[in-house]
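Engineer: First the structure, which I've put down as structure tokens, then a few questions once you've had a look.
No value in this document is a laboratory result; all are computed from the given coordinates. As the structure is a prediction and not an experimental result, all values here were calculated from the model. Reconstructed Cβ throughout: ideal geometry from the backbone, glycine too, with neighbour counts over all protein chains shown.
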Amino acid sequence: MPQPTESTDPPVPASAAAPTAAPVVHIVGARPNFIKCAPVMRAMAAAGIPQRLVHTGQHYDVRMSDVFVRDLDLPQPDSSLGVGSGSHAGQTAALLTALEGALVSADPAARPALVMVYGDVNSTLAAALVCSKTGIPMAHVEAGLRSFDMTMPEEVNRRVTDILSDLLFVTSPEALDNLAREGVDLERCHFVGNPMIDTLLAHLARFDPDPMRERLGLAGPYAVATLHRPANVDTVQAAGRLVAALHELSARLPIVLPLHPRGRATLTAAGLLDVPELQVVEPLGYVEFLSLVRGSSVVVTDSGGIQEETTILGIPCLTLRPNTERPITISHGTNRLVEPDRLGAAVDAALRGELARPGDGPPLWDGRAGERIAALVADWLAARA
Ligand code: UD1
Ligand code: UDP
């Protein structure tokens, strides 16, 4: 694991230029977007690139949104679109309309030179569609990841966004292979490393498990769990399998589960809250959550980003999914896919040290992805000026 260092990151300054003068516009909306955007904005600020932050409002609870702006020293968004929740059609339609209003202006001089989109959420897809149909160049950060599972809404979002992108920033070598196989022009693709890991490394010194242990009454080893994938939490039946597995595990190891709002109703209906050794808490802030993870013996999750963070922290991760778009976390050795009814055995193996993997992280997960992206964007802007 990298050595803790004091975070030396200054707050990201808000763009000094008038919003309409900013050539680069970042689109964020959901929890993981803030974490990926922060180092890119910081590096662009250092490179003197005027920029603007647009928050779609896909996530809006303080604990799903504002807490990340605060924890990561992001500037307050220049525009908050307040789109909120809805069905896929309803939310995507509202995102398209609101983003078109925010990005498209009758005055060509006021148009962004480049829009940056992050990850695989509906806000990402909607921004990509708006840019593509209105002729605004667009860059995708975290391009090329594939679960090859088209039942995941994120897989649809990733594929469509990549097809439409002018610049594709890739976190992992196999993502380049995926893009090449799909016929994406590799001249547009750049392997830059992982901005989510930039954020992790920049804030590592702040991740102290002790206050979280004290706050949650954790005297010994413990597990951390998160669940929010539709396939796991959208029906009481699926939620019931997971709750049964977590209850069984909690008989051996206390579990803390910061509960994403998506699964609140179904997981509760399936009996999630019935066992005291399984402690359910509100979604945690970024520093609180990674402090908790850093002190844990094992993480059980269906998150994408947490598979990556545990890879660098060297914490065994058991992913409650049939596939992952982040296979490098498995080949690296810290992550394993697991069926709910095999969770107990998988945790035993993890606690025996089978998923321990000291040493370097995956290539270019070195905290400098944001800088590489900023340098490439600066060159791209200069070439088009
Ligand atoms: C979204 C992303 C998912 C990502 C996740 C990160 C899509 C299709 N999915 O899933 O890829 O992993 O964000 O956390 O974009 N809700 C609240 N408060 C909030 C936000 C949501 O209560 O601040 C509840 C609402 O009931 C909402 C539900 O959560 O309907 C789902 O929210 P939504 O943004 O549609 O998708 P996520 O499941 O959060
Ligand atoms: N996270 C957090 N608080 C929590 C749960 C997760 O700060 O209670 C962070 C986590 O460290 C990671 C990001 O949220 O950086 C992942 O978001 P999520 O799992 O919601 O989305 P995904 O990565 O699956 O798209």
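Engineer: Using C-alpha positions alone, give me the convex hull volume of the chain per residue in cubic angstrom. Display every interim value, and only then the final one.
Structural biologist: Working: hull volume 47.9 nm³, N = 385.
Hull volume normalised by residue count: 125 Å³.
Engineer: Let me ask something else. Report, in whole Å, the centroid distance computed from the Cα atoms of the stretch 318-385 and the stretch 98-112.
Structural biologist: After rounding, the separation between the Cα centres reads 36 Å.
Engineer: As an exercise, take the mean of 1/r over every pair of distinct alpha carbons in the stretch 23-93, invert it, and state the Kirkwood radius in angstroms.
Structural biologist: On the way: mean 1/r = 0.0797 Å⁻¹.
Over the stretch 23-93, the inverse of the mean reciprocal pair distance is 12.5 Å.
Engineer: Quick one: if the Förster radius is 25 Å, what FRET efficiency do Arg384 and Glu182 give, using the C-beta to C-beta distance and rounding to 0.05?
Structural biologist: Values: r = 25 Å, r/R0 = 1.01.
After rounding to 0.05, the efficiency reads 0.50.
Engineer: Sticking with this one: Can you give me the long-range amide H partners of Cys189? Hydrogens built in the peptide plane at 1.01 Å from N, cutoff under 5 Å, separation of 5 or more residues or another chain.
Structural biologist: Result for Cys189 returns Leu168.
Engineer: From the P(r) of the stretch 156-261, could you give the percentage of C-alpha pairs in the tail past 23 Å?
Structural biologist: Details: 3172 of 5565 pairs.
Tail fraction, whole percent: 57.
Engineer: For the stretch 22-38, list residues with backbone N below 19 Å from a point placed 7 Å from the Cα of Asp66 toward its Cβ?
Structural biologist: Backbone N within reach: 28-35.
Engineer: Using the alpha-carbon atoms, what tilt in degrees (0 to 90, nearest 10) does helix 153-164 show relative to the longest principal axis of the chain?
Structural biologist: Between the helix axis and the principal axis of the chain, the angle is about 20 degrees.
Engineer: Convex hull over the alpha-carbon atoms of the stretch 98-140: what's its volume per residue in Å³?
Structural biologist: Numbers: hull volume 2.5 nm³, N = 43.
It comes to 58 Å³ per residue, whole-number rounded.
Engineer: Treating the angle as unsigned and between 0 and 90°, give the value, to the nearest 10°, between the Cα long axis of helix 369-384 and the longest Cα principal axis of the chain.
Structural biologist: 20
Engineer: Here's another thing I want to ask about it. Using only the alpha-carbon atoms, how far is helix 122-134 inclined from the longest principal axis of the chain? Give it as 0 to 90 degrees, nearest 10.
Structural biologist: The answer is roughly 20 degrees.
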